[in-house]
Amino acid sequence: MENLLSGISKANGALLETDDLHNSLQTVVSALGSSTAVDRCYIFTNRMVDGDLQLFYTQEWCKEGVEVQLGNPVLSNVSYDMFPGLYNQLSTGKTIYGLVREAENQFFREVMESQGIFTYLFVPIFQKDEFWGWMGYDNCTDERKWEKTEVDALTAVAHNIGLRLGRERAEAEHALSIERFDMSVKASQQGLWEWDIEHDRLSFSAIFMEMIGYEHYEFEHTYDNWKNRMHPDDYAVVLPLLQAYLNKETDTYTTEFRLLHKKGHYVWIRGSGVAKWNAEGKPVYMVGSHLNINELKHQQETLELQRNDFNKLLNSLGEVVFRLNSSNTLTFLNLYWEDISGYLPAESLSQSIESFFVPEDVAEVRENLVNLKSGKQVTASFEVRLQPKHGHWRWVNVIMKENGSPQDEEYFISGSIIDIHDKKLAQEKENELAELKASFVSVASHQFRTPLTVIFTNIELIEIMVKSLEGSLLYKIAKSTEQIKNEISRMTELMNNILLVGRYDARQIKFNQSVVSISPLIHSVVNTYFSHRADGRAIQIHETPSHRKVVIDELLFTHVLTNLISNAFNYSEGSRDPELHISYTENNLEICVKDYGIGIPPDELEKVFKSFYRASNTISYRGSGLGLVVAKQFMELHNGSIRLESEINVGTKAIFTLPLVKEDATG
């Protein structure tokens, strides 16, 4: 027993003094093996492998002459299933010992006998409440009977091993915690500080030193040095806040201030800390952190400048900018709202936008809001009357667009309100004048037509009556009547064009669109109006065959085409035949009426599209100065265009384009 106690003493000493756990356990099995006079002492360790608990033979001491089993693959990565009942007994803290020949488990008995073992003792080891493994004691030379006092003593050593394992785990966990804390501090770039308030000692970490450009040894670690490096403008905020916290007047200490850098500039710091007080409520110790927020502050300043610039821009707009929530309540208004409505933005917020319009227009406002929220409209634009705080209502144009879905928490409608009152009244006045003009033109045209018709009819009667005359008198009368008829035709054409221009200005032109193939229509117009000319000339048509179609008002298009072809004949008398070219681009139809006549002066190409303007070289030619004006207006109604290309005494091209119908729209 004396040898056993000596071995236990050595084992306990190794558990307490040896730093390396593996070496400590190896010393334990050596001390206990030699002191118990067994042939082999060893440790089996439990490990989880792929979710199963397995046994591993990790430490061993053998008496001289006994075969070493450490490294034997049969004894490692072994399942407890191979030893029925072993785990259940050991995991509950029960010590197992006895004779191998009396073991009930055949596999266990065969394994033990293969190692020449006669008796065994297994003592479980627990790390806190976890079954960590067990120590084994084998006799290979005799069948030993274990005494209870021996078993109890060895069980106590196993308990001490468990304590050492617990200490090892606690130290590992503590080291890991320290490592993770250090990593977290480094990752967060927070400078730590400790303040022994009782003894007025302050210590700053290396990261804090880096923030203000110092090495650890260069900086005086005192409260006064920290305070003196603070920006003077920050004293009034930081120092009272710190004192209030130390006096327990506030629950937390967190603030922002500037500290002087070694290079002379200031660095923005966010500081925070927690203190410890003694039984009398006096602060004795405080720890905290400093975080460099210089970049964040610069970003905030930049954002503030940008926000100010944006607000200036927003408030300098000559229109109201607003935002509504899902309840149609105003949540934002720029300053122009006061200019247009007389209300301050602050007194209008949280009010329904509908309440600021005249009662007769509220339904239209509401309808547009409903259409927006239901998805019928992507944007809404409508004209209604705003009721200012003081004075008469004003016409405004309201534009709205929704952002998000009405079910979303962040849903809102943005929009603008534009004052169009003066423009609206001017437009109404313009429309009134245009209608008056059209009415006047219509009446005047009618008043002119009646006498012109009477004159024309009487001229034809005169021509019939003088047919019996002979000689020079008949010739003179016929020449005069022909001149009168030409002038009547010119006046009639002038009246027709004036009437068309007046109707266009008054928006009274009837515009009946249809999808047509252009080539058959052009051929029909040419055959109807230009097939039997007295000079024998004819329009020569050149076209690229195509099935593409256009959307036009056939009557208005015919008017444009006949006007341009008539010009081509009138201003090219004695020249070769005019030409009409039909071609197609990807999206447009292009028609070119080309003549070989007198041309148009280059500086007058745009002027001829103005009412009553005639080119300077056309004084001797019949015309009203309205034909091209009407043609341009009609082409614009068709979303088309017209332009002229000309060279004096070479000829003129009148080129007009029309958009083609998309292929899939025509089938």
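The values are calculated or read from the model by the stated rules, or taken from the named source; none is laboratory data. From a predicted model like this one, the values you see are computed outputs, not experimental measurements. Please note: Cβ atoms are built from the backbone with ideal geometry, for glycine as well, and neighbour counts cover all protein chains shown. Heads up: the accessible areas ignore ligands, DNA and RNA and are worked out on the full protein's heavy atoms, side chains in. Shrake-Rupley method; radii C 1.70, N 1.55, O 1.52, S 1.80 Å.
Taking the conditions (1) modelled with pLDDT of 90 or more; (2) open to solvent by less than 50 Å² (accessible area, probe 1.4 Å); (3) farther than 22 Å from ASN587 by Cα in turn, LYS485 satisfies each one other than (1). Criterion applied to TRP134, TRP146 was being over 24 Å from SER79 (Cβ atoms), open to solvent by less than 30 Å² (accessible area, probe 1.4 Å) and either among the polar types (S, T, N, Q) or out of contact with any Asp or Glu (no Cβ under 7 Å at 6 or more places or on another chain) (or both), and the one residue passing it is TRP146. Answer with yes or no whether ILE459 is modelled with pLDDT of 75 or more, among the β-branched types (Val, Ile, Thr) and under 30 Å from SER316 (Cβ atoms). Against the criterion (modelled with pLDDT of 75 or more, among the β-branched types (Val, Ile, Thr) and under 30 Å from SER316 (Cβ atoms)), ILE459 does not qualify. If only residues of segment 87-97 that are out of contact with any strand residue (DSSP E or B) (no Cβ under 7 Å at 6 or more places or on another chain) and outside any loop (DSSP other than H, G, I, E, B) are counted, the one that is surrounded by the most Cβ atoms within 10 Å (Cβ to Cβ) is TYR87.
Only a single criterion out of (1) out of contact with any helix residue (DSSP H, G or I) (no Cβ under 8 Å at 6 or more places or on another chain); (2) not in a strand (DSSP E or B) is not satisfied by LEU4, namely (1). Scanning segment 240-260 for residues that are assigned to a strand (DSSP E or B), touching a residue at least 40 places away in the same chain (Cβ under 8 Å), of a type in the set (S, T, N, Q) and open to solvent by 40 Å² or more (accessible area, probe 1.4 Å) turns up nothing. Within segment 207-239, restricting attention to residues that are hydroxyl-bearing (Ser, Thr, Tyr) and free of Cβ contacts under 8 Å to residues at least 40 places away in the same chain, the residue that is surrounded by the fewest Cβ atoms within 10 Å (Cβ to Cβ) is TYR217. You will find that of VAL608, VAL629, VAL593, VAL650, the residue that is within 24 Å of SER514 (Cβ to Cβ) and hydrophobic (A, V, I, L, M, F, W, C) is VAL593 and no other.
Do we have any residue at all in segment 310-327 that's under 30 Å from GLN190 (Cα atoms), crowded, with 16+ Cβ neighbours inside 10 Å and modelled with pLDDT under 95? No, the conditions are met nowhere in segment 310-327.
Of the strands (runs of 3 or more DSSP E) entirely within segment 559-667, those holding at least 1 residues that are under 20 Å from ASP535 (Cβ atoms), open to solvent by less than 20 Å² (accessible area, probe 1.4 Å) and in contact with a Gly (Cβ under 9 Å, 6 or more places away or on another chain) occupy 588-595, 651-659. Has segment 149-159 got at least one residue that is in contact with an Asp or Glu (Cβ under 8 Å, 6 or more places away or on another chain) and more than 22 Å from ASN88 (Cα to Cα)? No, segment 149-159 has no match at all. Going by the structure shown, is MET82 of a type outside the set (S, T, N, Q) and within 18 Å of PHE131 (Cβ to Cβ)? For MET82, the condition - of a type outside the set (S, T, N, Q) and within 18 Å of PHE131 (Cβ to Cβ) - is met.
No other residue among GLY33, GLY51 is surrounded by fewer than 21 Cβ atoms within 10 Å (Cβ to Cβ) and over 20 Å from PHE108 (Cα atoms) apart from GLY51.
Here is a yes/no grid of residues against (1) closer than 26 Å to ASP422 by Cα; (2) touching a residue at least 40 places away in the same chain (Cβ under 8 Å); (3) not small (Gly, Ala, Ser):
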residue	(1), (2), (3)
GLY271	no, no, no
ASN278	no, no, yes
ILE293	no, no, yes
GLU304	no, no, yes
VAL321	yes, yes, yes
SER327	no, no, no
LEU349	no, no, yes
THR379	yes, no, yes
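Scanning segment 58-82 for residues that are part of a helix (DSSP H, G or I), open to solvent by 30 Å² or more (accessible area, probe 1.4 Å) and not β-branched (Val, Ile, Thr) returns PRO73, ASP81, MET82. Among the residues of segment 273-322, those that are in a strand (DSSP E or B) and either of a type in the set (A, V, I, L, M, F, W, C) or farther than 19 Å from LEU241 by Cα (or both) comprise VAL274, ALA275, TRP277, VAL284, MET286, VAL287, LEU291, ASN292, VAL320, VAL321, PHE322.
Do you know which residues across segment 98-116 are in a helix (DSSP H, G or I) and either charged (D, E, K, R) or open to solvent by 30 Å² or more (accessible area, probe 1.4 Å) (or both)? Matches in segment 98-116: ARG101, GLU102, GLN106, PHE107, ARG109, GLU110, GLU113, SER114.
Could you tell me whether segment 11-32 includes any residue that is among the polar types (S, T, N, Q), in contact with a Phe, Trp or Tyr (Cβ under 7 Å, 6 or more places away or on another chain) and touching a residue at least 24 places away in the same chain (Cβ under 8 Å)? Looking for residues that are among the polar types (S, T, N, Q), in contact with a Phe, Trp or Tyr (Cβ under 7 Å, 6 or more places away or on another chain) and touching a residue at least 24 places away in the same chain (Cβ under 8 Å), one finds at least one in segment 11-32, hence yes.
Would segment 345-362 turn up any residue that is modelled with pLDDT under 90 and of a type outside the set (S, T, N, Q)? For segment 345-362, residues modelled with pLDDT under 90 and of a type outside the set (S, T, N, Q): absent. Residue-level check: of (1) modelled with pLDDT under 90; (2) open to solvent by less than 50 Å² (accessible area, probe 1.4 Å), LEU296 misses just (2). Of all residues in segment 533-549, those that are over 19 Å from LEU589 (Cα atoms) and open to solvent by less than 80 Å² (accessible area, probe 1.4 Å) have Cβ atoms under 8 Å from Cβ atoms of residues that are assigned to a strand (DSSP E or B) and among the hydrophobic types (A, V, I, L, M, F, W, C), 6 or more apart or on another chain, in ILE539/LEU580. Quick one: is ASP408 acidic (Asp, Glu) and more than 24 Å from the chain's Cα centre (by Cα)? So ASP408 does not fit the description; no. With closer than 23 Å to ALA170 by Cα, in contact with a Gly (Cβ under 9 Å, 6 or more places away or on another chain) and not small (Gly, Ala, Ser) as the only criterion, which of THR45, THR18, THR36 stands out? From the options THR45, THR18, THR36, the qualifying one is THR45.
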